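**Q** Take this structure, written in structure tokens, and hold onto it; I'll ask about it next.
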Amino acid sequence: MSTVLEIRDGEPHWWNSPDIWVVPGSDPNGSPGQPIAGESAFLWGRVRNTGDQTASGARVDFYWSNPATGVLRSNSTLVGSAFVDLNPGDTKEVLCVIPWIPEIVNNGHECVVADVIHSSDPLPTPLPDEFDPPSYHQIAQKNLTVLVMKKSMMVMAVQVAAPIRKEKVLLVMTEFGGTLDKFDLVQAGLENYRPAKCNSLKVGLSLDPSCDESNKERLGKEIKLHLKPGTAKAVYLKVWPQELKPMTYVLLHVISRDEHKIVGGITYIIISGKED
Amino acid sequence: MDITPMDIRNRPFSVEPYTNIMLPDGIFDTALKKQRITCFYTNTSGATLHEVTIYLEGVGDPGILPVAHSYFFPEIKPGASVRVSWLADFENGTPGKKLVSFIAQAKGMSLVRTLKQIFVSKTTRDTVTGEYTCTVEEGTLKISNMEVIGPKDKWQPCSERYKECRPTKGPWLPAKMSMTFYPNPSYAGVHGDLPFSDPWWKILAWIVAAIAAIVAIVAAALGEGTAGTAVGGTFDETTGDVDCCTPDPGGIPGDDSMTVAGVASAIATGAAAVGLSDDADPWWRGQEATPPAKGELTVAEPVNVSFDYPSGAPNAGVPYPVHVKWEYQRITTGSTYTHAIEETQKNIHVNGGVEVEVPSVHHAFEKPLVIKARFKREDGKLFVGEYLYAFSLLRSPDDMYFLVDLADDGIQHDDKPNDGTYTGSIHLEEVYRILLKHKLKLEGLWRVYVFAQDVNDATPDMLPQIAAERIGGFMVASGLQLTFDPTLPCPLQAQATLTVVS
């Protein structure tokens, strides 16, 4: 007899869980979409019990953190919790009824993590600083952000952090391409979008946040960082304008890995748009 | 798959867990750390639902921490309303309207999520000045002087064991209050926003009085500085005139005698709400009578009120009169306006009679003892289902109290939902163990007292000034009587008695 509580990881990128989504606005039952900085939104999760024992009063905790390739408990903020009862084989949607207001400094681009806690399917004690969703079926992450293309270069700060008491050497890199399934697009508020025909995307990574375009050609696709325990650094993702047809998208992934494995990532859904 | 046809039709309300009393109008207050989020969940279909699970999913304030708990009902009949509640810690809650999410799921159906708002206020007390402050999003009510008619020094012994009742458990009848409401923000025009866009401002005064009483009761039972409350202190200038003969709270650890003190305080503090009128309170009426000049903003609205009880102490469920004198002031950025009234108000939260049914003789170990109660409205019709929060107290021959919830939900011993018969049960086999522990006897004469508070049935679509007229939390039936007359017999009136044999 066992309880196995699962919030699914994303495919092919585990940080794009289909079981976490955001409903912007004041109505928790509204349509899914992208959060808007400074305005309230609600977080939803989907939890399943693949074991053969009932879990009553399982607690789902929802966190947000700055855009980061590896989200840690120590640099995340608890939004709130919700309870759920799950019989064997049950799958239930769970609402965090505490409104979440994405920080204006991040322009609404933030990571969301959900974990499900129950004594019959516990997480390790003490809890490790890294959420590490691929290692735990109870934890998942949503790092999927819509990026509306502008006419000038865009700069996005991405936090890269080392866990408390662990030194890290991390390689941060970019990839582009791939598609999202219909459900992911609905959750992102892009229901009728389709993949763009796009063979190249001009992007670069830098430790310099400036918009200086003079060294555009020298920017690399990857950066190596040495991080002391409990510290963080910002890597700046720079994206140059790309002609995209209306209602199409391109996926851009920022991936962070150590010598053993991928430790985190963010996916940007780049769409065309008019500059304000 | 069909969606489970269940709904919560009325606003969930606060029940204070030490006294089991609903707070004024069901409003939660952060001064009381633990409160029960209580509601009636109704089967809105025409069919019986089977194997229904109900749980609270979450509360929309990170400072309010509920305890997970799931209810399971083998069946819920058509139209039946089941009462469910969850203990939650409100100490770090913030004032305002908060969403609460509830889940219900019947066998073979998909779950239904019901989102309801609860109202949360924050009452604090300045330990230096003794001033109470009750804060809501729409403003702050400060009460600088709360004079009450308190318990007499000489208590009438109801029994040998209570002959030394401490006079710290109330009740406290409001005599005078000096209150000032500070709207947030200052407003132009005749009327400002109502608290939570629903109840009158007077409800905040009632909340403060109720909290002061509960704090004192809890302190009397559990000691000062108890973990149960976030404010200390009690009333100003108490005069001892009222009797209610409540048992000593905390006299026996684990019994429910605090409920009696809670009922007494609910009746007594509710008199302030009666005096300030349900139709329109002194703030609303004062505002109507003092329209400010163009361009002025109202910044503060003091109300000084005194209460008198011409027909004696107030009692639950009867149209007792309260004579009030109040003076409203509107302080604006340009002037001060006043409006004064002297009048008599009557309690409109009344009943037309209470019937209690228990067996005359009960064999303790055979089966549960079933208590049935019917509460009539003034017109003779019965209160039914979700309109009442009802409970009973069962008093042992040695005066230990046991709380028994009463429900009109058609479950277990309740024959039919919404027929006006509220039913509860308790197995004295379990009670016997507790009595044995305290060396108290099981066999003998047991007394039954029933109590009921009305439930606010305002709906979110009502205009605020209409919703404000719907007020819940008044005691409409009580086995407890308050009196100013020390020559009268013990005012704890049993509505039924039974002989328990083993």
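The values are calculated or read from the model by the stated rules, or taken from the named source; none is laboratory data. Because the structure is a prediction, the values reported are computed rather than measured. Every residue, glycine among them, receives a Cβ derived from its backbone with ideal geometry; neighbour counts consider all protein chains shown.
**Q** Just checking, which of A:E130, A:E110, A:E93, A:E103 is within 14 Å of chain B (Cβ to nearest Cβ) and either of a type outside the set (S, T, Y) or under 17 Å from A:P67 (Cβ atoms) (or both)?
**A** A:E93
**Q** Condition (residue is of a type outside the set (D, E), touching a residue at least 60 places away in the same chain (Cβ under 8 Å) and closer than 22 Å to B:M1 by Cα) applied to segment B:120-127: is it met by at least one residue?
**A** no
Each row is one residue, and each column tells you yes or no for (1) assigned to a loop (DSSP other than H, G, I, E, B); (2) surrounded by fewer than 20 Cβ atoms within 10 Å (Cβ to Cβ); (3) within 14 Å of chain A (Cβ to nearest Cβ).
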residue	(1), (2), (3)
B:N10	yes, no, no
B:S14	no, no, no
B:T19	yes, no, no
B:T38	no, yes, no
B:L56	no, no, yes
B:D61	yes, no, yes
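**Q** Identify, from the list B:L32, B:L23, B:L49, B:L65, the residue that is aliphatic (A, V, I, L, M) and within 14 Å of chain A (Cβ to nearest Cβ). Steps first, please.
**A** Details: B:L32 fails: within 14 Å of chain A (Cβ to nearest Cβ); B:L23 fails: within 14 Å of chain A (Cβ to nearest Cβ); B:L49 fails: within 14 Å of chain A (Cβ to nearest Cβ).
Testing whether each residue is aliphatic (A, V, I, L, M) and within 14 Å of chain A (Cβ to nearest Cβ) leaves just B:L65.
**Q** Within segment B:467-476, is even one residue out of contact with any strand residue (DSSP E or B) (no Cβ under 9 Å at 6 or more places or on another chain), at pLDDT below 95 and surrounded by fewer than 13 Cβ atoms within 10 Å (Cβ to Cβ)? Break it down into steps so the answer makes sense when it comes.
**A** Restricting attention to segment B:467-476, the residues satisfying the condition of being out of contact with any strand residue (DSSP E or B) (no Cβ under 9 Å at 6 or more places or on another chain) are B:467-470.
Then keep just the ones that are at pLDDT below 95; that gives B:467-470.
Among the residues that remain, those that are also surrounded by fewer than 13 Cβ atoms within 10 Å (Cβ to Cβ) are: none.
Checking segment B:467-476: not a single residue is out of contact with any strand residue (DSSP E or B) (no Cβ under 9 Å at 6 or more places or on another chain), at pLDDT below 95 and surrounded by fewer than 13 Cβ atoms within 10 Å (Cβ to Cβ).
**Q** Quick check on segment B:36-59. Is at least one of its residues within 24 Å of the chain's Cα centre (by Cα), more than 24 Å from B:A458 (Cβ to Cβ), outside the structural domain of B:D256 (by TED's automatic domain parsing) and among the basic types (K, R)?
**A** Checked against the condition, which is being within 24 Å of the chain's Cα centre (by Cα), more than 24 Å from B:A458 (Cβ to Cβ), outside the structural domain of B:D256 (by TED's automatic domain parsing) and among the basic types (K, R), segment B:36-59 yields no hits at all.
**Q** Shifting gears a bit: Against the definition (touching a strand residue (DSSP E or B) at 6+ places or on another chain (Cβ under 6 Å) and in a loop (DSSP other than H, G, I, E, B)), how does A:D115 come out, yes or no?
**A** no
**Q** Just checking, does segment A:20-33 include any residue being of a type in the set (D, E) and either outside any loop (DSSP other than H, G, I, E, B) or more than 11 Å from chain B (Cβ to nearest Cβ) (or both)?
**A** Restricting attention to segment A:20-33, the residues satisfying the condition of being of a type in the set (D, E) are A:27.
Among the residues that remain, those that are also either outside any loop (DSSP other than H, G, I, E, B) or more than 11 Å from chain B (Cβ to nearest Cβ) (or both) are: none.
The answer is no, given that none of the residues of segment A:20-33 is of a type in the set (D, E) and either outside any loop (DSSP other than H, G, I, E, B) or more than 11 Å from chain B (Cβ to nearest Cβ) (or both).
**Q** Right, something else. Of everything in segment A:73-90, what is more than 9 Å from chain B (Cβ to nearest Cβ) and under 25 Å from the mean Cα position of the chain (by Cα)? Give them in sequence order.
**A** Hits for segment A:73-90 are A:R73, A:S74, A:N75, A:S76, A:T77.
**Q** B:A340 is checked against (1) in a loop (DSSP other than H, G, I, E, B); (2) modelled with pLDDT of 95 or more; (3) among the hydrophobic types (A, V, I, L, M, F, W, C) and fails just one. What number does that condition carry?
**A** B:A340 satisfies all of (1) in a loop (DSSP other than H, G, I, E, B); (2) modelled with pLDDT of 95 or more; (3) among the hydrophobic types (A, V, I, L, M, F, W, C) except (1).
**Q** Now for a separate question. Taking the conditions exactly as written (on the phi > 0 side of the Ramachandran plot, more than 14 Å from every other protein chain (Cβ to nearest Cβ) and not basic (K, R)), does B:G79 satisfy them or not?
**A** On the way: on the phi > 0 side of the Ramachandran plot: yes; more than 14 Å from every other protein chain (Cβ to nearest Cβ): yes; not basic (K, R): yes.
Answer is yes for this residue.
**Q** State which residue is surrounded by the fewest Cβ atoms within 10 Å (Cβ to Cβ) when the search covers only segment A:25-52 and only residues that are within 16 Å of the chain's Cα centre (by Cα) and not small (G, A, S).
**A** Applying the filter and picking the extreme gives A:I36.
**Q** Based on this model, can you work out whether A:F131 counts as in contact with a Lys or Arg (Cβ under 9 Å, 6 or more places away or on another chain) and closer than 27 Å to A:E175 by Cα?
**A** So A:F131 fits the description; yes.
**Q** Same structure again: Among the residues of segment A:76-86, count how many are under 19 Å from A:P126 (Cα atoms) and crowded, with 18+ Cβ neighbours inside 10 Å.
**A** Residues flagged as under 19 Å from A:P126 (Cα atoms) and crowded, with 18+ Cβ neighbours inside 10 Å within segment A:76-86 amount to 1.
**Q** Out of B:V361, B:V370, I need the residue that is under 30 Å from B:V501 (Cα atoms), among the β-branched types (V, I, T) and buried (at least 17 other Cβ atoms within 10 Å of the Cβ). Which one?
**A** B:V370
**Q** So B:G93 ticks every box in (1) surrounded by fewer than 24 Cβ atoms within 10 Å (Cβ to Cβ); (2) part of a loop (DSSP other than H, G, I, E, B); (3) out of contact with any helix residue (DSSP H, G or I) (no Cβ under 8 Å at 6 or more places or on another chain) but one. Which box is left unticked?
**A** (1)
Per-residue answers, yes or no, for (1) at pLDDT 95 or above; (2) assigned by TED's automatic domain parsing to the domain that holds B:K416; (3) among the aliphatic types (A, V, I, L, M):
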{"position": "B:D61", "(1), (2), (3)": "yes, no, no"}
{"position": "B:V84", "(1), (2), (3)": "yes, no, yes"}
{"position": "B:G93", "(1), (2), (3)": "yes, no, no"}
{"position": "B:F102", "(1), (2), (3)": "yes, no, no"}
{"position": "B:T114", "(1), (2), (3)": "yes, no, no"}
{"position": "B:V128", "(1), (2), (3)": "no, no, yes"}
{"position": "B:E138", "(1), (2), (3)": "yes, no, no"}
{"position": "B:K152", "(1), (2), (3)": "no, no, no"}
